[in-house]
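Scroll down for the structure; my scribbles are underneath it.
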Amino acid sequence: MLTFEEKLAIIDSFTELTRHDVSLGRVNFHYEESILEKKIVVYRLHPNGNGFVYAGEMADTYPTDSKGMTNIRDFNEKELRQIIEQSIASLSEQEPLSEEWMDEEGNTLTLINEYETWDIYAGNMLDATYPTYNGAADYLQQEGFSKKK
């Protein structure tokens with residue numbers, strides 16, 4: 001588990017976030033340019049290392065509470081950076097989230113979140129569309145693909 005200070009350093013590296021100190025030493029980080037009413041990306045980061053990141057638009061990828069928050073207590077650096085990047089992207093007009101997937105023969109497919117769907121492309125050709133990330137990822141895994149690192 002990352003310490004409070006390590007989490008703060010990672011979150012502070014996202015220059016698009018604004019720090020707001022709240023009660024009991026906790027810290028929130030806002031994304032002021034959000035296209036949604038929601039602006040809080042990091043919620044109640046506590047000196048004991050507990051805290052939450054908004055993942056309401058990614059509920060198929062992360063378990064969320066009724067406010068769309070995912071607990072980040074046990075996240076490593078890579079996981080924390082990834083969820084914050086995805087949270088900011090879900091609150092902005094940035095390019096859609098995309099991932100490259102590859103099979104053992106070197107064939108590559110691209111998984112892209114486009115508005116309300118998860119689309120799988122082989123080059124410029126649409127191969128499949130799924131309503132959830134998990135559905136698309138399951139299909140790719142069954143076809144022998146794994147996420148490129």
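The values are calculated or read from the model by the stated rules, or taken from the named source; none is laboratory data. Owing to the predicted nature of the structure, the values given are computational and were not obtained by experimental measurement. Protein only, heavy atoms only, side chains kept; ligands, DNA and RNA dropped before computing areas. Shrake-Rupley method; radii C 1.70, N 1.55, O 1.52, S 1.80 Å.
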Could you work out the relative contact order of region 95-149, using alpha carbon pairs under 8 angstrom and six or more residues apart, expressed as a whole percent? 33 percent
Separation of region 4-46 and region 89-149 by C-alpha centroid, Å? 29 Å
Using Cα-Cα distances under 8 Å and only pairs 6 or more residues apart, what relative contact order does the chain have, in percent? 16 percent
Carbon and sulfur atoms: what percent of the 1.4 Å accessible area of region 45-149 do they account for? 45 percent
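Dividing the alpha-carbon radius of gyration of the chain by 2.2 N^0.38 Å (N being the number of residues), what value is obtained? Don't jump to the answer; show the numbers that get you there.
On the way: Rg = 16.7 Å, N = 149, 2.2 N^0.38 = 14.7 Å.
Rounded to two decimals, the normalised Rg is 1.14.
Find the lysine pairs in the chain meeting two conditions, Cα atoms under 20 Å apart and a separation of 8 or more places or different chains, and report how many there are.
Values: Lys7/Lys39; Lys7/Lys78; Lys38/Lys67; Lys39/Lys67; Lys78/Lys147; Lys78/Lys148; Lys78/Lys149.
Close lysine pairs found across the chain: 7.
Rounded, prolate or oblate: pick one for region 1-83, where a ≥ b ≥ c are the square roots of the eigenvalues of its C-alpha gyration tensor, a/c under 1.5 means rounded, and failing that, prolate if a/b is larger than b/c, else oblate.
rounded
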